[in-house]
Each structure stands twice: as structure tokens, then as C-alpha cells.
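Below: one structure, written as C-alpha cells.
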Amino acid sequence: GQQVMQIPQYQHVQEGEDFTTYCNSSTTLSNIQWYKQRPGGHPVFLIQLVKSGEVKKQKRLTFQFGEAKKNSSLHITATQTTDVGTYFCAGTPGGGTSYGKLTFGQGTILTVHP
Amino acid sequence: ETGVTQSPTHLIKTRGQQVTLRCSSQSGHNTVSWYQQALGQGPQFIFQYYREEENGRGNFPPRFSGLQFPNYSSELNVNALELDDSALYLCASSFGRGYEQYFGPGTRLTVT
């Protein structure tokens, strides 16, 4: 079945440093979504990417979807302590037959030291 | 905060028992998905309901079953509980299949 892998598993940064997490799927995706989960909280939707090679920005966050629609990345510029949490990518399989099946990666835990 | 609510917040059950978890979707959403999240892991897709029909299922045994009601709220039922079923169970609603999902706060299930 489809697998979604994320690296790194953990990332510790000093406040102000940049952060990047990478997501790779074993199969072509229809779309990819990114979520953030704070400690003790629930996943919160950040963004959805649909098109091959798509790049979207939200303030200090930049999201990319690979040309082959099998990988994605999230880059945070100049991290702040409010960025602390686990970042998950989640992909929907391509082919149009599995709209609902969202496969999550194992997440990247980001800690930011002030 | 999303408009997705889940009950109960916490639950302790004994191995072999049955449990029902409930989810109220956000207003205007017709799709509900259920996930199991073990500690330190990403959410694992259990199944999705779209307009009261099961729309997809993950790799979970048949003792995990669900239901969606005409008002689009949903239930997750787990029979013959096992110790490994201890996890956070998350419900997420969306405007439709394939759209962004809005998660509820989850139900923490402990099986002893």
C-alpha cells in the first residue's frame, strides 16, 4: 500500500534559524496536505497542494509539491517559538479512486530554542 | 478552533469490551473521517463517510465499524478491544472528499 515518509524525525533549531521538512510518497499523489499539531493538541490544516511543481507561501512558510507529485517540502524561514510542534504531510493517492484515503507521514517534531 | 466536537474526551475500557466514540462535524461539512493516532506517530486512516456511505477504509480489521447520520455526525465503534487499541482517536470533517480536513480534539482511549 501507499507509504508516506517524512524526514527528519526531529529538528532542534535556535530561534531565527530556518527549518525544512521533506515528505516522500511511494506512489504518485493526487494532492498533498500539510498539518501542524501542537503538543497535546490535534492536527490543524495548513495548506493543500494539487498541481505538479506547485509552490505556495504563507508568511514565513513555503510549501512545494514535486514535479512528479511524489514529494513535497515545507520550509520555515526565521523560526519563532510559536512554530514549535509536529508537522505532518498527508497525501491522497492518485487515480481518482481514493478521494478519502489520506495517508499521513510520521511527522517532524520541531523544537525552537529561544 | 474548529467546529468539530468529539465525545467522550477520555475513556478507559477493559480488553474484550466494546466502545462507541462520537463526532459532530462542522456546520456545512458532509464528510467525516476517523483516524487512530498512537503516541509519537502520525494519524492512521480508519475510514471515511461521505453522505452516510463509507467512502474508503484503511488497514483496520472489521471490528472497527462506523456510521454517519443524516445530520452528518458520526460514530466509531470498536468491538473486542485489544491493548493495542489504546490511542488517540481523531475525527475530522470536510466540505467533501479530497478537501482539507478539520480535526476535533480527539478521544483518548486506554484499554487495560
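The values are calculated or read from the model by the stated rules, or taken from the named source; none is laboratory data. What you are looking at is a predicted structure, and each value in this text was computed from that prediction instead of being measured. Neighbour counts are summed over all protein chains in view; Cβ atoms, including those assigned to glycine, are modelled from backbone coordinates with ideal geometry. For the accessible areas, the whole protein counts, side chains as well, though only heavy atoms, and no ligand, DNA or RNA atoms are used. Shrake-Rupley method; radii C 1.70, N 1.55, O 1.52, S 1.80 Å.
At least 3 residues that are away from every other protein chain (no Cβ under 11 Å) and under 18 Å from residue B:88 (Cα atoms) in each: list the strands (runs of 3 or more DSSP E) lying fully within segment B:12-77 that qualify. Please lay out each step first, then the result.
Working: elements: B:19-24, B:31-37, B:44-50, B:53-57, B:64-68.
Filter on segment B:12-77 gives B:19-24, B:64-68.
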Legend entry - Filter result for the condition that a residue is more than 19 Å from residue B:9 (Cα to Cα), open to solvent by 20 Å² or more (accessible area, probe 1.4 Å) and at pLDDT below 95, over B:100, B:82: B:100
Legend entry - Among (1) in a strand (DSSP E or B); (2) open to solvent by 30 Å² or more (accessible area, probe 1.4 Å); (3) of a type in the set (D, E, K, R), the one test that residue A:101 misses: (1)
Inset, instruction - For residues that are hydroxyl-bearing (Ser, Thr, Tyr) and either within 12 Å of the chain's Cα centre (by Cα) or crowded, with 21+ Cβ neighbours inside 10 Å (or both), scanning just segment B:85-97, find the one that is nearest to the other protein chains (Cβ to nearest Cβ). - result: B:94
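Suppose the filter is in contact (Cβ under 8 Å) with a residue 40 or more places away in the chain and part of a strand (DSSP E or B); does residue B:97 pass it?
Values: in contact (Cβ under 8 Å) with a residue 40 or more places away in the chain: yes; part of a strand (DSSP E or B): no.
For residue B:97, the condition - in contact (Cβ under 8 Å) with a residue 40 or more places away in the chain and part of a strand (DSSP E or B) - is not met.
What number of residues in segment A:41-50 are open to solvent by 40 Å² or more (accessible area, probe 1.4 Å) and either more than 10 Å from chain B (Cβ to nearest Cβ) or over 14 Å from residue B:90 (Cβ atoms) (or both)?
Step one: of segment A:41-50, the residues open to solvent by 40 Å² or more (accessible area, probe 1.4 Å) are A:44-45, A:50.
Pick out the ones that are also either more than 10 Å from chain B (Cβ to nearest Cβ) or over 14 Å from residue B:90 (Cβ atoms) (or both) and you get A:50.
Residues that pass the stated criteria total 1.
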